[in-house]
Amino acid sequence: MNGTATKLEKDRRAYWAMVLPSFLIYLFVFGFPIVLAIVLSLSNYSGGKMFGGTPWRITGFQQYLRLFTDPYFWNALKNNIYIVLISVFGQLPLGFVFAYLIYRKTVRFEAFWQGVLYVPAMISTIVVGILWSIIFSPYGPIADTANHYYADTYSAKISGIVQATGGLSNPDALTDQIIKASPKTIHTVFSDPAVDLKDFLLSYDPSDTATLEKDIVNLLAPRWNADFLSKNNIAMIPICFVTLWMWVGTYLLIFLANMQKIDRSIIEAAQIDGASETQIMGRVVLPSLSKVIANSAILCISGSLSGFALILAMTGGGPARVTQVLSIYMYDKAFMGAPDYPLANAIAIMIVLFSLLLVALMFALERRFGGKE
Amino acid sequence: MKKKICSVLVFLVILSMGAYAQKTTITVFDYIDATAPGYAENEAIWQKFIDENPDITLVKEELSNEPFHQKLAAYVAAGTLPDVIYMYPSGRSTALHEQKLVKDLAPLLGKDFLSNFIPSVTDPSGQKGKYLAELPQSITYTTVMFTNTKLLSDLGLKVPSTYAELKAMAPKLKAKGIRPVLMANKDDWVMQSCLFSTIVGRMLGDEWIDNALAGKVKFTDKDFVKALEFVQTMYKDGVIGRDTIQISYGEAPALFAEGKAAFFIDGDWRQNAFLTDASSGKALIDPKLQQTDFGFYNFPAIPGEKNPGVASAVLGCGYGISASIPAGSDKEKAAVRLLKYLYSADVQRQYLELGRYITSRKDVKSDKLEPFTMKMVQYHDSVPKTCYVLDGALDTSIYTPLNLGLQQIGLGTKTPEEVAQSIQAAVDAWRAAHK
C-alpha cells in the first residue's frame, strides 16, 4: 500500500515537474496579459510607467458604462456582426459547396479551381485591402465604367436636344430642354437653372456646338461618386464582399481535406440505395463534417471579431467611423488622438466576451443539430 | 614571432573594446516620408553627422503620417520612448508635453544658440507643456490655397477674392472636367487643420475659442454653428466635392499637379511634394511651371467674417530629447550635439533648399530655392494675421469629435447643430475632468 502511495506521489511530482514549466509560461504569456487587460479596463491608468509614474487606481466599471452609452461602440459592434454573419453564413457554406463540387469531381480541373479560390488567402491582407480600395475608389474601374456609361447616355441626349432646338439660336428652348434632361443635381450647380444655365450657355460661341455639348456633359451628366465605402448603411457591403472573397478558399481546403477522410464505401452505399447528389451532400457528407464545420465556425467568429488589417487598409474604419469595427475602435482609443487605455482595454475584454458567447452558442448548436462522425 | 603577433592582436582587441565602450548610442524616432522628394538628401544630412561623430551611434527609425503618431503613442504607452523624438508643439504630441516625457531644451541648448531663432519659436508659452519641449523648425501655416493660375487664365478666370467669386467659377471649371477645390479629406484632420481653423479664425477669432474653453460661450452657440454651416455650404455648392472624403492624403498632390483641380487646400509643408527630387531629377510640377503657372493664396473672404485675411498657423514641429536620459550623461550630451547639428545654419539651409519648411532660424539665406519655396515665403509674408489651428488649441478629446463631425457634415450624415452638440459635450466632459 505504502509502495503504491509512494509511486502515486512520485507520478504526481513527475507530472508537475513536466507540466509546471509549460503552465507557468502559459500563465505568463496568456494569463498575465488577460488579467492585466481586465485590471486596466477597471482603472484610470493614463499611460506612462505603471509603477512610479502618474498614480492610478481601480475605478470600477466606469469604462464599460461609457462603452454602452457610446453610439460608436454599438456601430462597431453592428459592423462586426455583419462580418461574423457573412463569414459564418457566407464563407462556410460557399467553402463547403466548392469543396463538395471538387471532392465529387462535379467540375473539371479540380486542382485549378482549388488554387484559384485559395490564392486570395495567400496574398498579404494589406495588399488585398489596398487593391480593393483602389477598385472601389471614385477613380477606380467600377466608378469609371459607370460614369462613362452615364456620360455617353447623357451626351446622346444633349446632342439630340441641340439638334432639335437648333442650338444657341434658340437659347430658351435649349435651356428648358437641358433642364428637363438633367438630373436633380443641376440645382446644386445653378441656384436658378432657368436663368443661370441660359447665361452659361450664352457665354459659348454659337458655332462651336461640339465644345458646348462636351462641357454640358462634363457639368451636368449624372455622376456616381462610388460612395459605397462612405455611406453609413452600405459601406460594409464591399468589405463583407472582400472578406468573403478572401477567405472562402481557406475553408474550401479545410472541408476538402476532411471530405477526403470520409469512407468512400458509405457514399457508394448511398449511391446504390439511390441517393441523389444533394442527398449525399446533405445526409452523408454534411453530418460527417459537423464537428469540422463547428470548429471552422469558431475560426470564422474569432477571425471576424479580431479582423483588423483588411478594414484598416481599405478604409481605416472611416470615413466618420462608418466602417469601424471593434478592433479598430480599440486601436483608435489606444493609439490615435487622445490615448484612452482603460477604455481600449474594456473594448478588448468586450471582444473576448462576445467571442466566447458566440463560440458557446456554436457548440450548443453543434451538440443539438450536429451529426456523429 | 607568434608571441608578438598574439600580443599585437590582444592589444588591438582591447583597443577596439575600449573604443566600443566609449561609443554612445542614441535612438532617434524621426518623421519623414521615404517616398517624398528630398529623402536621399535628408539621409545624407544624417549620415554627415554620423561620419563627423564617430563616438556616437545613431539608431534611427522613420515613419510618417498616421503610422508615426500611432507608433509614438505605443512608445508612450510602453514607456520606451526613443532618446530623440520628432514632435509637435501640441496636438498629436500632447502626451509628451503633459506627462513631461521630454526635457526642457532651453537650458540644454543655451541662450546663445537659441538667439539664432525668431523669438516666437523659443517662447515656451506656445507649447502645450509651457516649456521648450521641442524647438520648432518653423512657423507652420496650415491653410494655403495652392492655385493653378494658368488653368484659371485659360478659362478667363481670376484668383477669387471672395467666396462668392469662388462659387461662381465652379460651373465653368466643372464644365471643363476640373474640380474647383481639391482637399484630401479621407484623413479626418485635414478639413479641420487646413481649412476650418481659418474659417473659425475669420468668423470668430481666437478669443472666442478661449472663451469657449473657459465656459463663457458654447460651441452650440449660433456663431460657431454658422462656421460649421459654411463647411456644409461649400459641399452643397459643389465648391468642394463630397468625393474628396474618399481622397487620401497621399494621392491629392498628384491630382492637383495633373490639372484635375484649380485649387488645392493644404498646409504650407505640402509644397515639398511638388519639388524636384534631386536623386531622380523629377518634380511633380516642373520648376519652370512652378514659376509661371502656379501661385499660393489665402482663402478668399468668407461671408460674415469678422477678421479678414486671417489664416491659421501654429508653431512648427521639431526635435525633443527624452526625459528618461540621465542629466549630464554622455547620452544627453550626444543628444544635444545632434540637435545643435540639426538646427545648425548649414543643415537648416539645406532643409530650406529641399523645401521641407521655411526655417525659423534667422541667419539662413539661400539662392537655390525652387519657385514654390520662394512663393511660400512670400505667402507667409502676405498673411496679415494668424489664428489658432484648432487641434493645437483644443484638447484631443475635443478636436476628435470636431474632426469626425466635419467628415459627417461632408457625408451629409450629421447637421452642423448635431456636430456642435457633440463638440460641446466633449468640452463639458473635459471641463469637468479639469476642475
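The values are calculated or read from the model by the stated rules, or taken from the named source; none is laboratory data. Quick caveat, the model's predicted, so the values are computed rather than measured. Cβ coordinates were reconstructed from backbone atoms using ideal geometry, including for glycine residues, and neighbour counts include every protein chain displayed.
Of note:
- Considering the range B:121-235, the qualifying strands (runs of 3 or more DSSP E), each wholly inside and each with 3 or more residues that are in contact with a Lys or Arg (Cβ under 9 Å, 6 or more places away or on another chain) and in contact (Cβ under 8 Å) with a residue 40 or more places away in the chain, run over B:179-182.
- Residue check for B:ALA227: more than 14 Å from every other protein chain (Cβ to nearest Cβ), closer than 25 Å to B:ALA433 by Cβ and aliphatic (A, V, I, L, M): no
- With respect to the stated conditions, A:PHE255 is over 23 Å from A:ILE142 (Cα atoms) and in a helix (DSSP H, G or I).
- Taking the criterion of being more than 10 Å from chain B (Cβ to nearest Cβ), surrounded by 13 or more Cβ atoms within 10 Å (Cβ to Cβ) and farther than 18 Å from B:ASP237 by Cα, the residues of the range A:209-227 that qualify are A:THR209, A:GLU213.
- Counting only helices (runs of 4 or more DSSP H) that sit completely within the range B:35-109, those holding 2 or more residues that are at pLDDT 95 or above correspond to B:39-52, B:105-109.
- All helices (runs of 4 or more DSSP H) inside the range A:1-90 with 2 or more residues being hydrophobic (A, V, I, L, M, F, W, C) and closer than 28 Å to A:ALA235 by Cβ: A:62-68, A:71-86
- Counted as qualifying within the range B:259-347 are the strands (runs of 3 or more DSSP E) with 1 or more residues that are in contact with a Cys (Cβ under 7 Å, 6 or more places away or on another chain) and more than 30 Å from B:PRO82 (Cα to Cα), namely B:261-266, B:311-315.
- Helices (runs of 4 or more DSSP H) lying entirely in the range A:279-339 (those with 2 or more residues that are farther than 26 Å from A:VAL128 by Cβ and more than 14 Å from every other protein chain (Cβ to nearest Cβ)): A:290-306
- Only one of the numbered conditions (1) closer than 28 Å to A:ILE216 by Cβ; (2) within 11 Å of chain A (Cβ to nearest Cβ); (3) surrounded by 24 or more Cβ atoms within 10 Å (Cβ to Cβ); (4) aliphatic (A, V, I, L, M) is not met by B:VAL239, and that is (3).
- Test: residue in the range B:87-95 that is free of Cβ contacts under 8 Å to residues at least 60 places away in the same chain, away from chain A (no Cβ under 13 Å) and under 26 Å from B:THR24 (Cα atoms): no
- Of the candidates B:LYS100, B:LYS71, B:LYS130, the single residue that is under 18 Å from B:THR396 (Cα atoms) and more than 14 Å from every other protein chain (Cβ to nearest Cβ) is B:LYS130.
- Close pairs (7 angstrom Cβ cut-off, 6 or more residues apart or separate chains): farther than 16 Å from B:GLU353 by Cα in the range B:281-293, β-branched (Val, Ile, Thr) anywhere: B:ASP293/B:THR149
- Some residue of the range A:345-364 being buried (at least 20 other Cβ atoms within 10 Å of the Cβ), at pLDDT 90 or above and within 13 Å of another protein chain (Cβ to nearest Cβ): yes
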